[in-house]
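The values are calculated or read from the model by the stated rules, or taken from the named source; none is laboratory data. Remember, predicted model here, so these are calculated numbers, not experimental data. Using ideal geometry, Cβ is built from the backbone for each residue, glycine included, and neighbour counts are taken over all protein chains shown. Heavy atoms of the whole protein, side chains included, go into the accessibility calculation; ligands, DNA and RNA do not. Shrake-Rupley method; radii C 1.70, N 1.55, O 1.52, S 1.80 Å.
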Amino acid sequence: MKSRIKHLLFVLLTLSLLLSITVAAAAGPGPSSARGGVPDFTIPQATPLDITEGFDDVTTLPGAGWFTQNNSSPIGTTGWFQGNDTVFTAHTGATTSYIGANFNNTTGANTISNWLLTPVINLNDGDEVSFWTRTVTGSIYPDRLEVRMSTNGSSTNVGTLPTDVGDFTTLLLSINPNLASGGYPTVWTEYPIVISGVPAATNGRLAFRYFVTNGGPTGANSNYIGIDTFTFTDVIVGAPEIAIGKTPDTQNVPFGGDATFTIAITNTGNVTLTNVTVVDALVPACDSTVGDMAAGASTSYTCTDVGVSASYTNTAVVTSLYNGQTGPAATDNAVVTVDPPTSVSLSAFGGESRTFSLATMAFVALTVIGLMGVLYRRFNLK
């Protein structure tokens, strides 16, 4: 009896295993899979580049300022997704540490237009961009990738239709522009770009656009692409700095006199600063809006605190903007010491002004007190 039971359990286990294999085979490729080609399990090539974004975890991209929008029509079951190492492994890092897009960005046989925008960056002529990309080994379905640029600040306007480009009108690169079979690299390949057409530093974004006409599951084009090891290098390394001096550092002022200061401001960095502003909380007369200051520029002015009646230490603060963002600030202190009053003016009582020294006032006060004492004793003592 025990032998029969063991035999029955073995048969059931075998049937269960065969059924699982059959179901897995029938399920077919997942939504982030490729349409065909040969899986690539070669060891990724190392890179000496200073990586800005390695796409280790694409769920963190929105929090880092990246933006995605799928303008495919109609929209399919995928957008941009974490790399699938059963299709091919990443260029560097963990096997899935790249970002992918595929034919399921749309349905049927339609146009794919899937956007991936970088965070806002400062763009200058000569800035360097580099990334690595590839498609499936042996793929017969052509893929295409565009790199576009917008100089409209933080704009994410890519339109809404598959053919729209919104603010990203500048085409920097098109990989396999004619959708030729075999025109997209099937091994990790680096694409360097040098930014041009930006005569003055400005904020903007770069965009990857997976753009394939007649794409989708039943289209003649589109398979699966990956992007990895994205690097942006600003050739003009901005070092915004500013300095302020308030002189004299210390000064003595007679009671009721005026304290005069000289404020000197210097842009000690290598970039232009805007909205340079000085605020002096205790001496509003020293407040100033300087405006723009080119790298190395200096300016100075004088200001006066009228009618000082008490000693104080105040701070002049200079602030600035750099590329529209909060820039460097600096402070400097000045000490004002008020000498004790040596005279008192009685002009407030009306008539002509009469000024008496403190010694004279003390003598008069003592004399009056003495006379009052004599009169008190004369008329009140018995």
| message | Can you give me the solvent accessible area of residue 302 with a 1.4 Å probe, rounded to the nearest 10 Å²? | response | 100
| Quick one: net charge of residue 300's neighbours, Cβ under 13 Å, K/R +1, D/E -1? | 0
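In what order, largest first, do 125, 228, 332 sit by accessible area if the probe radius is 1.4 Å? Working shown, then result.
Numbers: 125 70, 228 0, 332 40 Å².
Ranked from most to least accessible, the order is 125, 332, 228.
Starting from the Cα gyration tensor of the range 165-248, take the square roots of the eigenvalues, sort them a ≥ b ≥ c, and report rounded, prolate or oblate (rounded when a/c is under 1.5, otherwise prolate if a/b is larger than b/c, else oblate). Don't skip to the end; give the middle numbers.
Numbers: a/c = 3.69, a/b = 2.86, b/c = 1.29.
Since a/c reaches 1.5 and a/b is larger than b/c, the shape of the range 165-248 is classed as prolate.
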| remark: Other residues with Cβ under 11 Å from the Cβ of residue 82 give, with Lys and Arg +1 and Asp and Glu -1, a net charge of -3
| query | Given the protein chains as shown and a 1.4 Å probe, how many square angstrom of residue 130 are accessible, to the nearest 10? | reply | 10
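Just the number please: accessible area per residue for the range 66-139, 1.4 Å probe, all protein chains included, in Å². Write out the running numbers ahead of the final one.
Details: 2040 Å² over 74 residues.
Ligands and nucleic acids excluded, the result is 28 Å² per residue.
Quick one: accessible area per residue over the range 156-310, 1.4 Å probe, rounded to a whole number of Å²?
Working: 6870 Å² over 155 residues.
Roughly 44 Å² per residue, with all protein chains present.
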| message | Once neighbouring chains are kept in place and the probe is 1.4 Å, which whole percent of the accessible area of the range 104-196 is contributed by carbon and sulfur? | response | 51
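Would you work out the charge dipole size for the range 160-298 about its Cα centre, treating the Cβ of every Lys and Arg as +1 and the Cβ of every Asp and Glu as -1, and quote it to the nearest 20 debye? Don't skip to the answer; put the middle values down first.
Values: 3 positive and 11 negative charges, 94 e Å.
Using only the charged Cβ atoms, the result is roughly 460 debye.
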| What figure in square angstrom, to the nearest 10, would you give for the accessible area of residue 304 with a 1.4 Å probe? | 50
